[in-house]
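Novice: Quick one: the structure is below, and I'll ask about it shortly.
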Amino acid sequence: MALLEVENLQTHFRTPDGVNRAVDGVSFEVAAGETLAIVGESGCGKSVTAMSILRLIPEPPGKIAGAIRFQGKDLLTLSEPEMRDIRGNEISMIFQEPMTSLNPVLNVGRQIGETLRLHQGLSAKDAEAKAVEMLTLVGIPEPGRRVREYPHQLSGGMRQRVMIAIALACNPKLLIADEPTTALDVTIQAQILELMRDLKHRVGAAIVLITHDLGVVAEVAERVVVMYAGKKVEEAPVGQLFRTPRHPYTQGLLGSMPKLGSSLTGTETRLAEIPGLVPSLKQKIPGCVFASRCSHATDLCVKVAPALELKAPGHIAACHYATKEGAIAA
Amino acid sequence: MSKLLDVTDLKKHFPIRGGFFGGVTGQVYAVDGVSFHIDKGETLSLVGESGCGKSTVGKAILRLFGITDGQVVLDGQRIDDMSAGTLRPVRRRMQVVFQDPFTSLNPRMRVKDILAEPIRNFGLAKNSADLDEKVAKLMDTVRLPRDAVGRWPHEFSGGQRQRIGIARALAAEPDLIICDEAVSALDVSVKAQIVNLLQDLQAELGLALLFISHDLAIVEHMTHRVAVMYLGKIVEVAPKRSLFAAPKHPYTEALLSAVPVPMPGAARQRVILRGDVPSPINPPKGCRFHTRCPYAFDRCRVEEPLLRAIPTALEAGHTAACHLHDRPEAENPLAIAKGQALLAV
């Protein structure tokens with residue numbers, strides 16, 4: 001049994017001018033200890049998916065439907081107090097912006113200790129001792145002094161390390177990281193990614209990594225879900241996705257990224273563009289969500305939504321024309 | 001090639017006020033002695049991490065604030081000490097595209113007014129029919145439909161707004177456009193559209209670009225030369241291929257190896273820097289990078305290295321500020337071309 005099973009998740013928001021189908025029928029599984037990346041561009045529903053798993057979506061105006069089974073238990077049927085026992089304890093989350101997600105008026109030790117006192121009933125003293133231990137784990141120098149400091153005294157990279165320490169304090173089985181390195185500089189990003197890889201081996205938690213950066217995906221993920229306009233359009237093991245992307249959107253995304261080192265290999269080409277814009281999520285799209293921007297689209301694509309089909313072992317894609325043998329000819 | 005822009009020893013320090021009487025208690029050495037030039041029709045990229053001073057350099061050239069010291073020469077004319085009145089015609093020749101397409105357009109102006117303003121300000125249109133024609137042509141240039149001129153900025157997507165921002169910069173018929181993180185806020189697929197547009201425009205109009213960015217993959221894709229900044233100083237300037245194939249400064253090497261590449265399982269040589277960038281209020285003595293440099297030795301802590309030509313570089317015009325190049329080649333880890341191993345190509 002998978003650690004997390006998300007089945008036909010639909011998170012819709014009621015707005016004055018219609019229902020916004022931010023996530024519209026997304027299913028995936030995460031095995032224990034696995035790293036799954038969810039990638040897509042802004043507005044594709046990847047963050048809403050993450051927030052829905054922890055039920056952090058305000059209802060109303062939001063509405064979550066479908067099933068989210070964590071260790072066989074459907075999180076959507078739990079009461080709020082039961083849910084609170086899970087958040088930060090069995091499933092925890094790292095947010096993008098370490099500046100705004102830490103409390104500016106509490107010292108770092110209090111913030112790490114909070115989850116420990118709440119979920120494990122530690123005393124204030126034990127919680128602080130454990131907080132120092134967690135700071136050591138995430139590689140903060142002088143943890144004994146830093147534990148008393150406030151977020152404004154820390155750099156961006158250190159704040160993100162503190163966020164990771166808070167998230168891992170209770171030994172969660174699942175860690176959801178929503179764009180954990182997007183706000184950081186590249187050299188700091190490299191530090192944090194290295195830390196996440198290292199901690200994964202030591203702590204053994206499964207990770208759901210939400211990102212728009214395909215480079216980050218290639219570095220840390222084992223499996224990848226590609227989302228577009230609220231739908232999952234492709235899912236594959238990481239190597240396979242980058243080698244033989246089956247969905248035209250994934251192909252387009254990979255083609256529109258300049259490759260570092262292209263000046264060395266002499267492979268500098270014009271970047272591929274995906275024409276047009278993401279469709280509005282407020283109208284029901286009868287056919288393929290990508291049809292309006294896809295160069296291969298036919299009448300069939302506009303009329304009938306393609307089902308997610310197995311194209312290779314572990315590799316599924318929602319496209320009428322992606323073959324089992326390989327990607328459609330460009 | 002003739003030089004369009006020549007910057008010499010540019011410094012910009014921001015005073016820190018504090019204390020009981022609000023006196024100056026310190027200085028932020030945001031840009032501390034930066035020299036480079038841009039040829040006509042050339043793209044020079046300024047790369048570095050946040051806080052290294054790259055945006056300050058751009059703003060100082062545009063004279064969005066006065067500079068502390070140094071000299072900025074545009075096409076043979078010194079512009080850093082010009083009075084506001086004499087500067088005005090010079091401003092037409094250098095324009096800017098900002099990072100955030102949502103805040104850099106006036107929400108209460110229609111697109112046609114946004115584009116007409118610079119044309120009118122610099123008296124580039126003969127009459128109102130000519131003005132309308134110029135605005136329509138600008139829409140063509142940035143591949144937006146002509147009939148969208150009557151719309152408001154909020155009616156456009158992020159990528160389209162950035163096209164309007166570019167059209168506004170082009171309206172003044174400049175020689176130099178400073179792109180300050182102009183594609184950083186855009187999604188991958190839209191980013192490609194804008195990068196292609198900028199490249200096309202440069203080829204069509206012969207523009208020079210100062211491309212300020214932290215995204216090395218985009219920089220490699222569109223630039224001719226690269227200048228790498230760290231803590232208010234330029235540490236390396238080189239033609240693109242020379243820099244990416246054989247970086248000659250340890251910071252450049254670390255930057256290149258830190259960029260995630262979309263190749264799962266790529267075997268790369270890693271240089272992971274420890275610690276954070278020091279504060280520009282109190283920069284380290286000697287080489288500013290020595291606190292994080294994996295190769296630092298005694299001399300780096302006391303003597304500041306100067307930017308100079310590197311004999312082991314791949315191409316001419318490759319300069320770096322590092323003492324390692326004074327050592328015998330066997331003791332200089334940057335003597336060989338490491339780019340392939342760092343980027344896993």
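The values are calculated or read from the model by the stated rules, or taken from the named source; none is laboratory data. All figures in this text were calculated on a predicted structure; none of them were measured in a lab. As a convention, Cβ positions derive from the backbone with ideal geometry for all residues, glycine included, and neighbour counts pool all protein chains shown.
Novice: Considering each of A:I274, A:I285 in turn, give the residue that is in a loop (DSSP other than H, G, I, E, B), more than 9 Å from every other protein chain (Cβ to nearest Cβ), aliphatic (A, V, I, L, M) and over 16 Å from B:A217 (Cα atoms).
Specialist: A:I285
Novice: Another question about this same structure. In segment A:174-192, which residue that is among the hydroxyl-bearing types (S, T, Y) and closer than 16 Å to A:V217 by Cα is modelled with the highest pLDDT?
Specialist: Taking the candidates together, the pick is A:T181.
Novice: Can you name the strands (runs of 3 or more DSSP E) wholly within segment A:121-230 that have at least 1 residues being of a type in the set (G, A, S)? Steps first, please.
Specialist: Details: elements: A:174-178, A:206-211, A:223-228.
Because the criterion is at least 1 residues that are of a type in the set (G, A, S), the strands (runs of 3 or more DSSP E) in segment A:121-230 that meet it are A:174-178, A:206-211.
Novice: Give me the strands (runs of 3 or more DSSP E) completely within segment B:188-307, filtered to those with at least 1 residues that are in contact with a Gly (Cβ under 7 Å, 6 or more places away or on another chain), among the small types (G, A, S) and away from every other protein chain (no Cβ under 14 Å), ordered by residue number. So that I can check it myself, show each step before the final result.
Specialist: Details: elements: B:208-213, B:225-230, B:233-239.
Answer list for segment B:188-307: B:208-213.
Novice: Just to verify a result, which residue in segment A:80-110, among those that are more than 13 Å from A:P180 (Cα to Cα) and among the hydrophobic types (A, V, I, L, M, F, W, C), is nearest to the chain's Cα centre (by Cα)?
Specialist: Among residues in segment A:80-110 that are more than 13 Å from A:P180 (Cα to Cα) and among the hydrophobic types (A, V, I, L, M, F, W, C), the one nearest to the chain's Cα centre (by Cα) is A:I91.
Novice: Additional query: I'm checking my understanding of the structure. Among residues of segment B:317-345 that are under 18 Å from B:V228 (Cβ atoms), away from chain A (no Cβ under 14 Å) and among the small types (G, A, S), which one is surrounded by the fewest Cβ atoms within 10 Å (Cβ to Cβ)?
Specialist: By that ranking, first place goes to B:G317.
Novice: Name the residues in segment B:151-185 that are farther than 17 Å from B:T141 by Cβ, free of Cβ contacts under 8 Å to residues at least 60 places away in the same chain and crowded, with 19+ Cβ neighbours inside 10 Å, would you?
Specialist: B:P153, B:V183
Novice: Which one of these does A:G215 not meet: (1) more than 16 Å from A:G40 (Cα to Cα); (2) modelled with pLDDT under 90; (3) within 7 Å of chain B (Cβ to nearest Cβ)?
Specialist: Single failed check for A:G215: (1).
Novice: Answer with yes or no whether B:D80 is surrounded by 13 or more Cβ atoms within 10 Å (Cβ to Cβ), modelled with pLDDT under 95 and in contact with a Lys or Arg (Cβ under 6 Å, 6 or more places away or on another chain).
Specialist: When the stated conditions are applied, B:D80 does not pass them.
Novice: Another question about this same structure. Can you find a residue that is closer than 20 Å to A:A305 by Cβ and crowded, with 21+ Cβ neighbours inside 10 Å anywhere in segment A:49-64?
Specialist: Yes, segment A:49-64 contains a residue that is closer than 20 Å to A:A305 by Cβ and crowded, with 21+ Cβ neighbours inside 10 Å.
Novice: Could you list all residues from segment B:170-224 that are hydrophobic (A, V, I, L, M, F, W, C) and over 16 Å from the mean Cα position of the chain (by Cα)?
Specialist: B:L170, B:A171, B:A172, B:L186, B:V188, B:V190, B:A192, B:I194, B:L197, B:L201, B:A203, B:L205
Novice: I would also like to ask the following. Would you tally the residues in segment B:164-187 being closer than 25 Å to B:A60 by Cβ and within 14 Å of another protein chain (Cβ to nearest Cβ)?
Specialist: Count: 4.
Novice: Still on this structure, I have one more. So which residues in segment A:100-118 are closer than 19 Å to A:A131 by Cα and assigned to a helix (DSSP H, G or I)?
Specialist: So the first thing to find is which residues in segment A:100-118 are closer than 19 Å to A:A131 by Cα, and the list is A:101-118.
Scanning segment A:100-118 gives A:S101, A:V108, A:G109, A:R110, A:Q111, A:I112, A:G113, A:E114, A:T115, A:L116, A:R117, A:L118.
Novice: Condition test on A:T267, is it within 11 Å of another protein chain (Cβ to nearest Cβ) and surrounded by fewer than 20 Cβ atoms within 10 Å (Cβ to Cβ)? So that I can check it myself, show each step before the final result.
Specialist: Working: within 11 Å of another protein chain (Cβ to nearest Cβ): yes; surrounded by fewer than 20 Cβ atoms within 10 Å (Cβ to Cβ): yes.
Yes: the conditions hold for A:T267.
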